[in-house]
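Written below as structure tokens is the structure these notes are about.
The values are calculated or read from the model by the stated rules, or taken from the named source; none is laboratory data. Worth saying up front: this structure is predicted, and the values here are computed from it rather than measured. Quick reminder, even Gly has a Cβ in these numbers, built from the backbone with ideal geometry, and neighbours come from all protein chains shown. Surface accessibility is based on the protein's heavy atoms, side chains included, excluding ligands, DNA and RNA. Shrake-Rupley method; radii C 1.70, N 1.55, O 1.52, S 1.80 Å.
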Amino acid sequence: MGSGEWCLQKRDSFKSETLVGNETVPEIGCLSIIVLGASGDLAKKKTFPALFHLYCQGFLPPIEVHIFGYARTKISDDELRNRIRGYLVSERSASPSKDVSKFLQLIKYVSGSYDAAEGFQMLDKEISKHETSKNSLEGSSRRLFYLALPPSVYPSVCRMIRRYCMNKSNLGRWTRIVVEKPFGRDLGSAEELSSQIGELFDEPQIYRIDHYLGKELVQNLLVLRFANRFFLPLWNRDNIDNVQIVFREDFGTEGRGGYFDEYGIIRDIIQNHLLQVLCLVAMEKPVSLKPERIRDEKVKVLQSVLPIKDEEVVLGQYEGYRDDPTVPDHSNTPTFATIILRIHNERWEGVPFILKAGKALNSRKAEIRVQFKDVPGDIFKCKKQGRNEFVIRLQPSEAMYMKLMVKQPGLEMSTVQSELDLSYRQRYQGVTIPEAYERLILDTIRGDQQHFVRRDELKAAWEIFTPLLHRIDNGEMKPIPYQAGSRGPAEADELLEKAGYVQTHGYIWIPPTL
């Protein structure tokens, strides 16, 4: 395939589509990507690098795309470019420094307030100037607004966008907004925020991003479950004893203590990231791969979750957390939580779903661990060695492996636990796994909402956790101190044991080397 053909193929895959009559046709017209909060950490570390990677792969052709940064900071175009230059690194570029320079020239910066007309009028003027330079008819272009901002300013920013920065006429093109988590603090605040934004934009225009849904192994869940015959009869309460979804970090809040203390580990990780993974593990097969059909099934799972019991929750706070000067001396905010959710439906009745997340632990990883029930009539007497498990390692060292019993090599009939292993780094050599933000930004351009959170889904998620969060906020539940660098509170392991999880002793999965 020649380079020209490759670029054309990439550009075609970048196009979104519009329904005209009874058929879909590729959209034409230039694309403006506006990053609000352009001078902040999220934009520098995630949003702009993701856009750069898409540019390097040909998904953002410079003849059609221009990028605008908007923030309160009064800096020039070149000052913004210099701020983000050091974060633009790509293994997929043949000439990184050249590509960085070309990409940075696509960026224009506009300074202004988030609640005043002048800045957004200037922003609209600059976008319109770009569209005119690309010979786009007024209203025929596409505008994507990425809100890399605190949720507190979402309503005012959305009002300004609606009033001053929308396409001026309806020629089949679009204006879309991407909003980051945390989307509210509880059910009431999330619903208020949804209502405020919902008054300004239709649901198909709103993309509530959860970057976990863009991770390669999370995206693989639907394929694993519904494209493999041997999983279909096993994936139920008759065979599965428990499911763990785990997020562990080996560092603390480190400079983010003030921000983190407003939310805590449940709002920051469990209510969004881990709950989204639970939906994909537990949902029924959708009737098709259309985004709305998939999201319908996720909502059904959330609506089937029973109220959380206090005795099935263990909270922790690592020693030294309150030493951060930005954290209150008597903070009740958990930095660790293990919570058991129970799904009241035919498939999962009686199976505990254990959500576990923590900071300052003894390792860094995120994984799904599906533990199967004991083999009935265990003639090999190998029960003590551990159960069969299917483990999906989300990060780091992406992998899937099945823990199973095999005969120990040799003359004796003895058993040992081993694994069937699919490690991505070994199996897919030379393939770079895209960052989650790359995939999700590309989805917003394509108009694919499959990996974004719908309003009723968000509401159902908050309904599960709001009563527990209010009890914590009111001081009715206290986190248990645990030592930094440990597994967390010992009470969490005791809760897992009560839930039926059988820990394997003596077995350690080692990622294979090339």
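So the values come out like this:
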quantity	calculated
Loop-resident sites, region 39-134, for GluC sites (Glu not before Pro), counting at most 11 other Cβ within 10 Å (DSSP)	E91
Apportionment of accessible area to carbon and sulfur, region 31-180, percent (1.4 Å)	49 percent
The chain - share of DSSP beta bridges that are antiparallel (%, nearest 5)	55 percent
Highest average packing first - 226-232, 458-464, 384-390, Cβ atoms within 10 Å	458-464, 384-390, 226-232
Solvent exposure of the chain as accessible area per residue, Å², 1.4 Å probe	46 Å²
Kirkwood estimate for the chain, i.e. one over the average of 1/r between Cα atoms, Å	24.9 Å
Pairs of lysines in region 117-248 (C-alpha under 19 Å apart; 8 or more residues apart or interchain)	5
Region 448-514 - percent of accessible surface contributed by carbon and sulfur, probe 1.4 Å	52 percent
Cα-based reach from K102 at 15 Å (exclusive), listing aspartates and glutamates while leaving out same-chain residues under 8 positions away	E64, D77, D78
Cα convex hull of region 31-180 - mean projected area over all directions, nm²	8.4 nm²
FRET efficiency for E497 and L306, using Cβ-Cβ distance with R0 set to 22 Å, rounded to 0.05	0.55
P(r) histogram, all alpha-carbon pairs of region 373-514 included - 5 Å bins from 0, percent	2, 7, 9, 11, 13, 13, 15, 14, 9, 5, 2, 1, 0
